[in-house]
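Report on the following structure.
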Amino acid sequence: MRDRNNTVEKWWDDSMMESSVQVMEKIAEHQSAQDPASGAQKKMPDRMTEMKPAAEQKFSVKSLDLHYGSFQALKNISLEIGTNEIMALIGPSGCGKSTFLKTLNRMNDLEEGVTIDGSVKLDGTDIYHNMNAIELRQRVGMVFQQPNPFPKSVYDNVAYGPRIRGIKKKSTLDETVERCLTEVGIWAEMKDRLYKSALGLSGGQQQRLCIARTLAVEPEVILMDEPTSALDPISTMKIEDLATELKKKYTIVIVTHNMQQANRISDKTAFFLLGEMMECGTTQDIFLNPKNKKTEEYISGRFG
Amino acid sequence: MSTRQAYEEELSSINDSVFAMGDDIEKAIDKTLFAFQNLSVSLSNEIMRHDDRIDSMEYQIEERCISIVIKQQPLASDWRKVASYMRMIADMERIADHCSDIAIYIKLLAGMEKVPVPVHFTDMFRVMRKMVTDTFRSFTENDPDLASSVIEMDDQVDIYFNQITNEIAGMMKQNPENIRQYIDYLFINKYVERMADHAANIADWVYFIVNGELKLKFTDRYKKESDTQ
């Protein structure tokens, strides 16, 4: 008689028991009326099989190989990234995770000596064969390790993308700037210094400005390459909160060396090693019960 | 020594302390059975005194687990171990408490007229004792199958518990002038049954350490109970 459920042992008297039993029966009746299947014992959802159907996959990568000249940087990567999900890519330096991230918005296919095989699909469309890079990069934005605001005003940084896309109307640009700075949580701090240089901001503010700049062109996916490694813990926490908030509207892929960060904010985690993807699963499975021995060793700090 | 080495050594040292606590628990259980069979007051006192030692072992292991979590943020199997140790030592401490609880009743029984012990009482005690041994063995040997078998053994203890309860009820009717002794038996009966539950809980955590899932997380145990009229 194990009381893991904390069920009170039967010390109470029968009248009390009866009334609560009646209540429980009513609840059970109510439930079975709503759901005819609930008569049978409900199966708990299995975390591993809880993958989204194909239609909800934002990115679908199949058998991706990438060579820098004769060096193979990515080996046969297949990976699905679900819509409104945060996917964390972890692994030691040089494992290919940043290279992989860059292939998602074609940041490296024009580099000399790079050859890419396999397919990368965004909402089912092959981004290497059936999509131009301009459309792709509007839909898939990127944020880098070092905050890299343009040497312009805060306002111009955010308005840069929309202006390139031909939006000239002041009121529309104003709205966009306010919306994006609000989304990244720095509107209140910025609204009185919109026309001052972005370079005068703190590191954390600059990084959030860069995210706002990415949001201004209304992307669907945001790629983040170690977005907090140059920031202090408080700014880091703000960026993490922001990522968690942004995933309601966007899909986020984040490369991080900070294991706790991956653990805190991501839904899925993929572990890369020497150009191969060793394991991908729900973040909880990866950090609590990894299947691959190499994953286990890496995340418990036994190598790397 | 590198930080990482120190971490691994601390982990394995905590592991050893949990083993050591397990040893102490087994000894306490053996003493309890011996004290019960011989209605030994001095041994009962010893069991109760020894409980302090087990409490302080629990406290120390808990402290060290908390400290390793704060300093090293263990993940994967390391974290499964640390989290499980913290739960296991709580169950182990409860087993030791029940030994002391039984010791109190042994002392009471020693001061009264001796009445026959329920027939299956020693059998139930032995099954519970085996559960505890096997649980700790499954822990030292990382054997999830043995842990599963412990969890199944708990059913046997429950059957004994009901049989013995009925037996005591019959004895009470036949021999109402000794009802106080039978009430004591009844309590002891319940404590032994609870000790078996704690052993099964520990087995659950052993299974979790090895396989990363809880075997009986959603036990239907009480559902079965509530379905019987």
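Between region A:233-304 and region A:97-160, how many Å separate their Cα centres?
Here the answer is 21 Å between Cα centres.
Per 10 Å bin from zero, what fraction in whole % of the C-alpha pairs of the protein assembly as shown is there, up to the bin with the longest pair?
In order of increasing distance, the bins hold 3, 14, 19, 18, 16, 13, 9, 5, 2, 1, 0 percent.
What does the C-alpha gyration tensor say about the overall shape of region B:1-53? Classify as rounded when a/c is under 1.5, otherwise prolate if a/b is larger than b/c, or oblate. Provide the component values of the computation, followed by the final result.
Numbers: a/c = 8.50, a/b = 3.80, b/c = 2.24.
Because a/c hits 1.5 or more and a/b exceeds b/c, region B:1-53 counts as prolate.
Please order A:His257, B:His98 by the number of other Cβ within 10 Å, starting at the fewest.
A:His257, B:His98
If each DSSP helix of 4+ residues adds -39,500 (n - 2.57) and the sum is divided by the residues in chain B, what number results at 222 nm, nearest 500 deg cm²/dmol?
Numbers: 7 runs with 194 residues, N = 229.
Result for chain B: -30500 deg cm²/dmol, rounded to the nearest 500.
Quick one: how many lysine pairs does region B:29-126 have with C-alpha atoms less than 30 Å apart and a gap of 8 or more or different chains? Give me the count, please.
For region B:29-126, the number of qualifying lysine pairs is 4.
What FRET efficiency comes out for the pair A:Thr83/B:Ile66, r = Cβ-Cβ distance, R0 = 41 Å, nearest 0.05?
It comes to 0.55.
How much length would be gained if the chain were fully extended between A:Arg165 and A:Ile134, taking 0.36 nm per residue of separation minus their Cα-Cα distance, in nm to one decimal?
Here the segment from A:Arg165 to A:Ile134 would lengthen by 10.1 nm.
Would you mind calculating the relative contact order of region A:149-292 from Cα pairs under 8 angstrom and at least 6 residues apart, reporting the percent as a whole number?
RCO, region A:149-292: 21 percent.
Ratio of region A:122-202's C-alpha Rg to 2.2 N^0.38 Å, to two decimals?
Rg over 2.2 N^0.38 Å, computed on Cα atoms: 1.27.
Which whole-number percent is the relative contact order of chain B (Cα, under 8 Å, 6+ apart)?
On the way: 248 pairs, mean separation 56.4, N = 229.
Averaging sequence separation for qualifying contacts and normalising by length gives 25 percent for chain B.
Give me, ordered by chain and number, the residues 5 or more places off A:Gln145 or on other chains with an amide H under 5 Å from its own placed amide H.
Close amide H contacts, sequence-distant or interchain: A:Asp225.
Can you give the Rg to Rh ratio for region B:48-173, taking only C-alpha atoms and Rh from Kirkwood? Before the final figure, lay out each step's value.
Numbers: Rg = 18.7 Å, Rh = 17.3 Å.
Here Rg/Rh amounts to 1.08.
For A:Phe71 and B:Asn166, what is the calculated FRET efficiency with R₀ set at 45 Å and r taken between the beta-carbons, to the nearest 0.05?
The value I calculate is 0.05.
Between rounded, prolate and oblate, where does region B:110-192 land on the alpha carbon gyration tensor, with a ≥ b ≥ c its root eigenvalues, rounded for a/c under 1.5, else prolate if a/b exceeds b/c?
Details: a/c = 4.30, a/b = 2.63, b/c = 1.64.
Prolate, since a/c reaches 1.5 and a/b exceeds b/c.
Going by how many other Cβ atoms sit within 10 Å of their own, how do B:Glu141, A:Glu183 line up, fewest first?
Ranked by crowding around the Cβ, least crowded first: B:Glu141, A:Glu183.
Of the DSSP beta bridges with both residues in region A:149-293, give the percent that are antiparallel, rounding to the nearest 5.
60 percent
Using a cut-off of under 17 Å, list every residue of region B:141-177 whose amide N is near the label point 7 Å from the Cα of B:Asn211 along the Cα-to-beta-carbon line.
Label zone hits: B:141-155.
Rounded to two decimals, what is the ratio between the C-alpha radius of gyration of chain B and 2.2 N^0.38 Å?
Here the Cα radius of gyration is 1.12 times the empirical estimate.
By its C-alpha gyration tensor, with a ≥ b ≥ c as the square roots of the eigenvalues, how is region B:1-121 shaped: rounded for a/c under 1.5, else prolate for a/b larger than b/c, else oblate?
prolate
In the structure shown, do any of A:Lys62/A:Lys294; A:Lys121/A:Lys152; A:Lys169/A:Lys196; A:Lys170/A:Lys191; A:Lys102/A:Lys249; A:Lys248/A:Lys291 have a Cα-Cα gap over 25 Å, and if so which? Write out the running numbers ahead of the final one.
On the way: A:Lys62/A:Lys294 22 Å; A:Lys121/A:Lys152 35 Å; A:Lys169/A:Lys196 21 Å; A:Lys170/A:Lys191 16 Å; A:Lys102/A:Lys249 21 Å; A:Lys248/A:Lys291 29 Å.
Long pairs (Cα-Cα over 25 Å): A:Lys121/A:Lys152; A:Lys248/A:Lys291.
Where the centroid of each part is defined by its Cα atoms, how far is region B:144-185 from region B:44-74 in Å?
31 Å
B:Thr3 versus B:Val115, label points 7 Å from Cα toward the beta carbon: distance in nm?
6.4 nm
Every number in this text was worked out from the coordinates using simple rules, so none of it is lab data. Owing to the predicted nature of the structure, the values given are computational and were not obtained by experimental measurement. Please note: Cβ atoms are built from the backbone with ideal geometry, for glycine as well, and neighbour counts cover all protein chains shown.
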